[in-house]
Protein chains: 2
Amino acid sequence: LNRQEIPSPASPAAASSDKKGRLTIGVDLGGTNLRIAAFDPEWNRLAYINLPTRVSEGPDAVVGDMCDAIHRVLEQCPQQLVGVGIGAPGPLELPSGKFHRPPNLPGFDGFLLKDAMESKLQTPVIVEKDANAAALAEWKSGVGKKMPGDSMCMLTLGTGVGAGIVLDRKIWHGMIGMGGEGGHIPLVENGFPCGCGGRGCLEQYASATAICRAATRAAARGGADRIAKLIARRIADQCEFTARDLAGLAREGDEPSRQIFADAGKFLGMGLAMLVNVLNLPLYVIGGGVVSGWDLFAPRMFEELRRLSYIYGLTEPEADQSFTPGKTYIVPAATGPDAGLLGAAMLPYLEAGTL
Amino acid sequence: LNRQEIPSPASPAAASSDKKGRLTIGVDLGGTNLRIAAFDPEWNRLAYINLPTRVSEGPDAVVGDMCDAIHRVLEQCPQQLVGVGIGAPGPLELPSGKFHRPPNLPGFDGFLLKDAMESKLQTPVIVEKDANAAALAEWKSGVGKKMPGDSMCMLTLGTGVGAGIVLDRKIWHGMIGMGGEGGHIPLVENGFPCGCGGRGCLEQYASATAICRAATRAAARGGADRIAKLIARRIADQCEFTARDLAGLAREGDEPSRQIFADAGKFLGMGLAMLVNVLNLPLYVIGGGVVSGWDLFAPRMFEELRRLSYIYGLTEPEADQSFTPGKTYIVPAATGPDAGLLGAAMLPYLEAGTL
């Protein structure tokens, strides 16, 4: 199969009996890894390729790698292609996928991802912000399966804080695709400087990066000896010190570690209060690596949210109750690290209105 | 005309040639005044009634006054009624118009405004949050005429800070009608306590009430003699000291007065940064009494917004340029104090999809 031979995509609107022999391809373009997968219409994974993202070789090389991998996936799978969706890190304009100095993809500033992919693949490609793709996967295949609704918001607490918002069954793009930048809600006046140029953004207080930085600062200040020791051990082992390491210490009862998660929970509660008061959605999903510390940050998060949002107070679900429409649910993600990849694969169906 | 005799409403979907002989009624239910007006389909006002809101007599008396006034308006106007819309202060659930301890309407907690009005009028009534109605008027008949788009947000800086959000040509209600509570964006950790039960809400820093409180505090602290003198004069005259008074002093060069407006601008800029980063809308309109001090608070507001929102930085319109799609506009309201009344009258058309 050479590059000109990709067959015309099948209609995603076909009757479900026709869907059996179909596949859709999702691409997760990350700053470190490039992941490509094919899914059937029930979201079972048919094929998977994981490559390093050759950022230093420039966007054309990365696009070439993506297209080669897509061809390899298509060679492995006999099903008919419905479409290709890509989740990419922001800031990027949509639907063009034009990058605006993306911190995780240096050298991609101004690059038009959709055009580049389509001219190489000769088939339509849908570009989304990675956090929006992850939100889509949670909405249709993760938490949203147990908590169905037309609208939701997902915050992904990883290197940064990404946000994706689904409103009335559509991803909210805003004017130029930059809606849903929930990581850049300014929370603290004259707070930590942020990569976006602002100060005090949520991402500086609730991302995995922020949590590790808080741990390092606590260790440097003194009075957090167990944290200091673990950081030193990780350096000695040439491993990264992670939010998961800190969660381990916190669960063993280390007070400074517990405090750092509680602080992250407080700021997350402030950010959620803003989102609840402005959007009044039924569902907010928290994903990303930090969510492994849910038990450590959630109590303080809910405390702050109750304090700052009377709308949450009016709509808080009772504990241990089954899903009740009209309540505001804030829950950990169910889809895991592949949310963005699966969500990207869902894009052709979303665009056709058949998701 | 007695209460049973309201004729069936005309279809708002009729061809525009049939619209000439039609009217729509808007009601602005405020904590102090009850205003009722009829408008033709070109939004010319045909009749107007202004009454005190008899809050202490309870909701049934107020509903009775509204219905009597609607009948009087209909008696004055020969045109056929299209529908009745009411803008009411929140918090209230929509579409039922169920109040949740509204601070400006004590005694209305739990009252169902839509049911009460419809059973008395025997015609459909649409209830909206007052700030949403004002946003609607600005979108269709105010600033939005010069800056057309499918989405916008309006902040009304008055006694409190109200917010109304139009997304994709619909008022954004969220799950139970409590979307768009932009006045309760938490801005300051452990800031001023707010009527909503939270702390540090935008409304505590950028409303007319907040500005007057800041002035009183400055006067009490000393070093703001002109403010202190003017407050004393207003008390002697048994008048209220208003944000407009403070704007007068600021324009005469009084530094403490100028600083208070600059501070309000800073917090407004923080709130706008959140809204711009989360929603990425093309248009944000600032209305309410405080907007008379636009020249005093806007420079600091834009400064803060630029600092905290890279999305605004990417989309800031060039000065003195005509309206350009793709840019983010932040402008003072054009409709004035009747925005809520006009917006209420627009509701039947909005609901019919013919606005």
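The values are calculated or read from the model by the stated rules, or taken from the named source; none is laboratory data. In this text the structure is predicted, and so the values were computed from the model without any measurement. Note that each Cβ is placed from the backbone with ideal geometry, even for glycine, and that neighbours are counted across all protein chains shown.
Numbers below:
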item: Set A:P325, A:P337, A:P317: member being within 14 Å of another protein chain (Cβ to nearest Cβ) and modelled with pLDDT under 95; result: A:P325
item: The stretch A:209-230: number of residues that are modelled with pLDDT under 95 and either buried (at least 20 other Cβ atoms within 10 Å of the Cβ) or of a type in the set (D, E) (or both); result: 0
item: Entirely in the stretch B:280-355, the helices (runs of 4 or more DSSP H) that have 3 or more residues that are acidic (D, E); result: B:294-308
item: Residue within the stretch A:200-215 that is within 9 Å of chain B (Cβ to nearest Cβ) and of a type outside the set (A, V, I, L, M, F, W, C) present; result: yes
item: Residue, farthest from the other protein chains (Cβ to nearest Cβ), within the stretch A:299-314, restricted to residues that are within 23 Å of the chain's Cα centre (by Cα) and surrounded by fewer than 18 Cβ atoms within 10 Å (Cβ to Cβ); result: A:P299
item: Residue within the stretch B:162-174 that is without any contact (Cβ under 8 Å) to a residue 60 or more places away in the chain and more than 19 Å from B:N280 (Cβ to Cβ) present; result: no
item: Residue check, B:G177 touching a helix residue (DSSP H, G or I) at 6+ places or on another chain (Cβ under 8 Å) and either surrounded by 24 or more Cβ atoms within 10 Å (Cβ to Cβ) or over 23 Å from B:N33 (Cα atoms) (or both); result: no
item: Qualifying helices (runs of 4 or more DSSP H) (wholly inside the stretch A:208-278; at least 3 residues being within 25 Å of the chain's Cα centre (by Cα)); result: A:208-221, A:243-251
item: Number of positions in the stretch A:84-132 that are in contact with a strand residue (DSSP E or B) (Cβ under 7 Å, 6 or more places away or on another chain), away from every other protein chain (no Cβ under 14 Å) and at positive phi; result: 1
item: Qualifying residue in the stretch A:166-178 (condition: more than 11 Å from chain B (Cβ to nearest Cβ), at pLDDT 95 or above and under 28 Å from A:A116 (Cβ atoms)); result: yes
item: Residue satisfying condition, being among the hydrophobic types (A, V, I, L, M, F, W, C), touching a residue at least 12 places away in the same chain (Cβ under 8 Å), surrounded by 18 or more Cβ atoms within 10 Å (Cβ to Cβ) and within 13 Å of chain B (Cβ to nearest Cβ), within set A:L296, A:L283; result: A:L283
item: Extreme residue, farthest from the chain's Cα centre (by Cα), among residues of the stretch A:35-75 that are over 18 Å from A:P89 (Cα atoms), of a type outside the set (D, E) and part of a loop (DSSP other than H, G, I, E, B); result: A:P41
item: Members of the stretch A:267-280 found to be more than 7 Å from every other protein chain (Cβ to nearest Cβ) and small (G, A, S), listed by number; result: A:G269, A:G271
item: Complete set of residues in the stretch B:266-280 that are within 19 Å of B:A208 (Cα to Cα) and surrounded by 24 or more Cβ atoms within 10 Å (Cβ to Cβ); result: B:F267, B:L268, B:G269, B:M270, B:G271, B:L272
item: Residue selected from the stretch A:88-120 under the condition out of contact with any Ser or Thr (no Cβ under 9 Å at 6 or more places or on another chain) and of a type in the set (S, T, N, Q), by the criterion surrounded by the most Cβ atoms within 10 Å (Cβ to Cβ); result: A:S96
